[in-house]
Amino acid sequence: MDVHGLTPDRQLNLVDFPVGADLFLLVKNALQRMEQGQLLEVIGSGIEIKDDLRSWCRLNRHSLVMAMDAGDHYRFLIRNNPVKALEQPDWGIKLPLRKDGRLDIRDWFQGRVGELREQAPAYVGFVPRGAVAEPGVPDFGFSLNQKDDVWSNNLLDLYEQAKEKQWNATTDIAWDELPELPEEMEWAVCQIMTFLAENEYSALYIPAKFMARINPHYIEALMYLSTLIQDESRHIEAFTKRALAGGGGLQYSSALTERSLHSLFIQEDYFKSSFLLHVLGEGTFLDLLTFIEEHAPDPVTRQIVTLAKIDEGRHVAYGIGHVRHIIETHPGMVQALVDAANERNEYLGAADAGENSHLMEALAILAGGGRTPEQLKTGFERVRRLKDVMYEHRVQRLLQIGLTPDIAAAISKTHTPNFM
Ligand SMILES: [Fe+2]
Ligand SMILES: [Fe+2]
């Protein structure tokens, strides 16, 4: 429609719509979705609309270009003159489906959603990446605002895998197949489960502590970490249940374990924390879980550690991917890793750190098959070999993230005797 030589870009027909807050909301939204300088034609009725719309335009700095009395209705032309024009949201981009109708998160990086920046935009709030934000979003104070801070190239694959591999500690474990074990063996399992559960608390709390600091521009990192958090809570559940299921119960916690976990918990740098927890701690735990799996005296214990180990594999893969990427792009960051390991070692007090003696005894009973002197001898020998394997595998993981053999060996050597 052409009104006195002016062609409206958009029309809003509000005849018989009451003049009031809702009407102005519709006008405001229509203008926000238009380009700066475009013309909106508003058709309305009711005598008060003339004055009210004029005042509203003045207040909101839009220009009322024309007001026409057409008898039973009014026509107004408003030139969109926002303080700052809103960007245009996407429209018309359909996500591709995979076979079987799957909609995979790896495929949602389309249009504006696909604009993943190296540095997150400031004042982003909880505006989903891809949506158009009105001005005036408050500063939420996120501190992890760079892609490198949290991203890993395998993040999206791990997220899809994690969802597929979730299991239920209530129904997926053959609890009814738990046999009555000799008392010393049941005690060893209960002691080991106590230790595992305790360490899982740290694996749950530490990433959770950082999650609220991550800029929502990198929402996929939060989504992945939420699967990790779910894994850890399930591990706590399964290990605790195993300790209780056979009538033994939770056993001893050592001060060394708590000191070790505290030294992880107080780390405020996500890069260092990710390295200490996912690469060194959970990496070492993979070997511990393999050892328990190998020597498990009953099918329930074996099944739990087997399932937990698959989950831990994803956590370690995230840590290795994340840390390796930073080392590749910022080689100077190697020093931060050396410092992180040293700081922790100093905190633990290398001289009198000792070991978790209850755990060592339990592992020896498990691996030796009982607590006769002969069995204990064999058991302790196997535990010693486990520590060698842990050391070797730690070195391999450190080489994998790009450290030199010297640094890898030095860091592996100073790793906490608590394993995590
Ligand atoms: Fe875990
Ligand atoms: Fe984990």
Query - Karplus-derived 3J(HN,Hα), 6.51/-1.76/1.60, for each residue of the stretch 31-42, Hz, glycine and proline x - result: 5, 4, 8, 10, 6, 4, x, 6, 10, 10, 9, 10
Query raised in the report: Over what distance in Å are the Cα centres of the stretch 237-274 and the stretch 98-146 separated?
Result: 35 Å
**Report entry** Proxy reagent accessibility, fewest Cβ within 10 Å first, across 126, 109, 239
**Finding:** 126, 109, 239
Query raised in the report: How many Å³ per residue does the convex hull of the Cα positions in the stretch 144-287 occupy?
Result: 117 Å³
Report task. Report, to the nearest 10°, how far helix 282-295 tilts away from the longest principal axis of the Cα atoms in the chain, using its own Cα long axis and a range of 0 to 90°. Result -> 50 degrees
**Report entry** Cross-link partners of residue 165 among lysines (Cα-Cα below 25 Å; sequence separation of 8 or more within a chain)
**Finding:** 99, 209, 241, 309
Query raised in the report: Charges only on Cβ, +1 for Lys and Arg, -1 for Asp and Glu: so what's the dipole of the stretch 152-191 about the Cα centre, in debye to the nearest 20?
Result: 360 debye
Report summary line: Tilt, helix 255-265 to longest principal axis of the chain (alpha-carbon atoms), in degrees rounded to tens, equals 20 degrees
Report task. Using per-residue counts of other Cβ atoms within 10 Å, averaged over each peptide, order 182-189, 138-145 from highest down. Result -> 182-189, 138-145
**Report entry** Normalised contact order of the stretch 337-420, rounded percent, pairs of Cα under 8 Å and 6 or more residues apart
**Finding:** 33 percent
Query raised in the report: Looking at the chain, what % of the alpha carbon pairs are farther apart than 41 Å?
Result: 38 percent
Requested in this report: Using the 2.2 N^0.38 Å rule of thumb for compact globular proteins, work out how the stretch 193-236 stacks up: its C-alpha Rg over that value, please.
Outcome: 1.23
Query - Rounded to 5, the percent of DSSP beta bridges in the stretch 1-120 classed as antiparallel - result: 70 percent
Report task. Set the Förster radius R0 to 60 Å, insert the Cβ-Cβ distance between residue 29 and residue 209 as r into 1/(1 + (r/R0)^6), and round the FRET efficiency to 0.05. Result -> 0.90
Requested in this report: Please arrange 253, 152 by counting, for each residue, the other beta carbons lying within 10 Å of its beta carbon, fewest first.
Outcome: 253, 152
Report summary line: To the nearest 10 degrees, the tilt of helix 49-59 (Cα long axis) against the first principal axis of the alpha carbons of the chain is 50 degrees
Report task. As a check on your grasp of the helix formula, calculate [θ] at 222 nm for the chain: sum -39500 (n - 2.57) over DSSP H runs of n ≥ 4, divide by the residue count, round to the nearest 500. Result -> -17000 deg cm²/dmol
Report task. Quick one: pull the percentage of alpha-carbon pairs in the stretch 17-164 with a separation above 28 Å. Result -> 45 percent
Query raised in the report: What percent does the relative contact order of the stretch 13-160 come to when contacts are Cα pairs within less than 8 Å and at least six residues apart?
Result: 18 percent
Query - All-pairs Cα distance distribution in the stretch 10-79, expressed in whole percent, bin size 5 Å - result: 4, 18, 34, 29, 13, 3, 0
Report task. Return the distance in nm (one decimal) between the two label points of a simple spin-label model at residue 172 and residue 293, each offset 7 Å from Cα along Cα→Cβ. Result -> 1.4 nm
Query raised in the report: If the cut-off is a Cα-Cα distance under 17 Å, which lysines reach residue 387, setting aside same-chain residues fewer than 8 apart in sequence?
Result: 377, 413
Requested in this report: Could you calculate the contour length gain from residue 93 to residue 16, that is, 0.36 nm times the residue separation minus the distance between their Cα atoms, to one decimal place in nm?
Outcome: 24.1 nm
Report task. Rounded to the nearest Å, what's the spacing between the alpha carbon centres of the stretch 154-231 and the stretch 277-297? Just the number, please. Result -> 13 Å
Requested in this report: May I ask you to derive the FRET efficiency for residue 38 and residue 384 from their Cβ-Cβ distance with R0 = 60 Å, giving the value to the nearest 0.05?
Outcome: 0.20
Query raised in the report: Relative contact order for the chain using alpha-carbon pairs under 8 Å, separation at least 6, rounded to a whole percent?
Result: 14 percent
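Read the figures in this text as sums done on the coordinates, not as results from a lab. Please read these numbers as outputs of a predicted model, since none were measured by experiment. Counting neighbours? That spans all protein chains shown, and the Cβs are built from the backbone with ideal geometry, glycine included.
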